[in-house]
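First up is the structure itself, then whatever we jot down about it.
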Amino acid sequence: MIPITPGLEGDRFFLKKNGVLHATPPLVALVFIELSDIVFVVDSVPAFFAITKEPLIVFTSNIFAILGLRALFFLLAGVMHRFWALNYGLGIILVFVGLKMVWLNGLFGGKFPIAWSLGIIAGLLAASVALSLAVVKRSNSTLVPS
């Protein structure tokens, strides 16, 4: 549809060569990043509707997620090596959420208390961050108190 230059041409998305409009690799990368955002939105809509039937909440949650996730990624990318226990904490949270959907809701008459869920999730996140900060992991896989 539109020719693409083989290499970078500065920070430009489009370039005219011999009177023909060419796209540059940064434009291709931007298009794929935005397409992945759309896939994320389409994928997460059923999850939001499992929580609420209010379309405004579903719409605004997706918008804020898209706006915040990329910024949060770049914010945390530089310091993630310090939070080594966060992966384990998030794994335990996923196990808890799965158990809540499959088993705990049934034990509580179809509705596990939201305050308990949020408290458990916040506690697990705080504990994994605190553990990461309290115990520094060395590169040779030994743990040393900080």
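Throughout, read-outs are computed from the coordinates displayed, never taken from laboratory work. Since the model is a prediction, treat every value here as computed from it, not as a measurement. Quick reminder, even Gly has a Cβ in these numbers, built from the backbone with ideal geometry, and neighbours come from all protein chains shown.
Here are some notes:
- Region 1-42 and region 68-108 have Cα centres separated by 34 Å.
- Label-reachable residues, region 3-45, where backbone N falls under 19 Å from a point 7 Å from Ile66's Cα toward its Cβ: 27-45
- Rounded, prolate or oblate (a/c below 1.5 giving rounded, otherwise prolate when a/b exceeds b/c) for region 16-82 by Cα gyration tensor: oblate
- Unit charges at the beta carbon, dipole of the chain: most positive-side option, Leu75, Pro46, Ile2: Leu75
- Gyration tensor verdict on region 18-146 (Cα atoms; rounded if a/c is under 1.5, prolate if a/b is larger than b/c, oblate otherwise): oblate
- Rounded to 5, the percent of DSSP beta bridges in the chain classed as antiparallel: 90
- Point-charge dipole on Cβ atoms (K/R +1, D/E -1) for the chain, about Cα centre, debye to 20: 300
- Built amide H within the under 5 Å cut-off of Arg12, gap 5+: none
- For the chain, hydrophobic long helices are taken as DSSP H runs at least 30 Å long by C-alpha position along their axis with mean Kyte-Doolittle hydropathy of 0.5 or more; these are 25-51, 55-77.
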